[in-house]
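So the structure is just underneath, and the comments pick up after that.
Here, each number is a calculation from the coordinates, and none is a lab measurement. None of these values were measured; they are calculated from a predicted model. So basically every Cβ, Gly included, is an ideal-geometry build from the backbone, and we count neighbours across all protein chains shown.
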Amino acid sequence: MRTKNLLIFTTMMFAATAFAQDAAKFEVYGDYSYLQFNPTLSGLQSRAFNGGGGGAQFNFGRHFAVKGDFQGYGSTQWTLTTSAPTVTPHGTVPAGTFKSNGNMFTYLFGPVVGFHAGRFHFYGEYLLGGSASNLYGELARSINAGGGTVNGTGSQHPFTMAFGGGLDLTLNKHVALRLGEMDWVLTRYTNPLTDTNNQNSFRYLGGIVFKFGGQ
């Protein structure tokens, strides 16, 4: 009986080890990324940011991983139009149209959970970190060039969070396509006009994944 149990235990351990090693130990990826940024500022609608980046992921078996994600973006032109002078907590905005551009860089870290279905890998993630952008600083500079007196910070580095998931298509044991990752992104930039500091935005990523290690 003891010999039988030992054989069963050994077989189970071998199967579990083989199952765990089926996944790559380490992944790196590069991608294109689109961010629809919501500035939460009256008269200034959401703006499209285009960019890209990449990251690295360490896998603990097939279902759990941790990753670091780094993305950079440049915005389309911002246009803010005011019909009358407005006094804000940070100065006065004169009547007029003010145009500016901005950029953003995000750096996020956190856990990833997923499962495999044939050649497809579905995953969810919860990432925390920060970001940096001059978008509100550039807007304040444009307003002041038009006669305003807004005191805006040139660049901010607030808390940033992303929650979402995606789908990869495995091409072979070393390469996969990131068909799509979609995340809700929370940033806490303080705009120079109203002091609101929560922006709820959306991002999409797609690219290629390189896998190393495992069996």
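Cβ under 12 Å from GLY110's Cβ, GLY110 left aside: what net charge do those residues give with Lys, Arg +1 and Asp, Glu -1?
On the way: positive: LYS67; negative: ASP69, GLU125, ASP183.
Combined, the nearby Lys, Arg, Asp and Glu give -2.
Whose amide H sits under 5 Å from the amide H of THR196, counting only residues 5 or more places off or on another chain, with H placed in the peptide plane?
When sequence neighbours closer than 5 places are left aside, the close amide H contacts are ASN191.
Could you give the size of the charge dipole of segment 24-212 about its Cα centre, using +1 on the Cβ of each K and R and -1 on the Cβ of each D and E, expressed in debye and rounded to the nearest 20?
Working: 12 positive and 9 negative charges, 65 e Å.
Value, rounded to 20: 320 debye.
Which angle between 0 and 90 degrees, to the nearest 10, do you get for helix 135-145 versus the longest principal axis of the chain when only C-alpha atoms count?
10 degrees
So if each residue of separation counts as 0.36 nm, and I subtract the Cα-Cα distance between ASN197 and GLN45, what length gain in nm does that give? Intermediate results must be reported in sequence, preceding the final value.
Values: separation 152, 0.36 × 152 = 54.72 nm, distance 1.56 nm.
Net length gain for the segment: 53.2 nm.
If you take the square roots of the eigenvalues of the alpha-carbon gyration tensor of segment 24-212 and sort them as a ≥ b ≥ c, do you get rounded (a/c under 1.5), prolate (a/b over b/c) or oblate?
It is prolate, given that a/c is not under 1.5 and a/b is the larger ratio.
In the neighborhood of ASP69, defined by Cβ-to-Cβ distances under 13 Å, what is the net charge if each Lys or Arg adds +1 and each Asp or Glu adds -1?
Combined, the nearby Lys, Arg, Asp and Glu give -2.
Excluding same-chain pairs closer than 8 in sequence, count the lysine pairs in the chain whose Cα atoms lie under 30 Å apart. If you can, show how the numbers build up before the last one.
On the way: LYS25/LYS67; LYS25/LYS173; LYS25/LYS211; LYS67/LYS173; LYS67/LYS211; LYS173/LYS211.
Taking the Cα cut-off of 30 Å, the pair count is 6.
If R₀ is 30 angstrom, what is the calculated FRET efficiency for the pair PHE115 and THR81, using the beta carbon separation as r and rounding to 0.05? Mind showing how you got there, number by number?
Working: r = 49 Å, r/R0 = 1.63.
Here the calculated transfer efficiency is 0.05.
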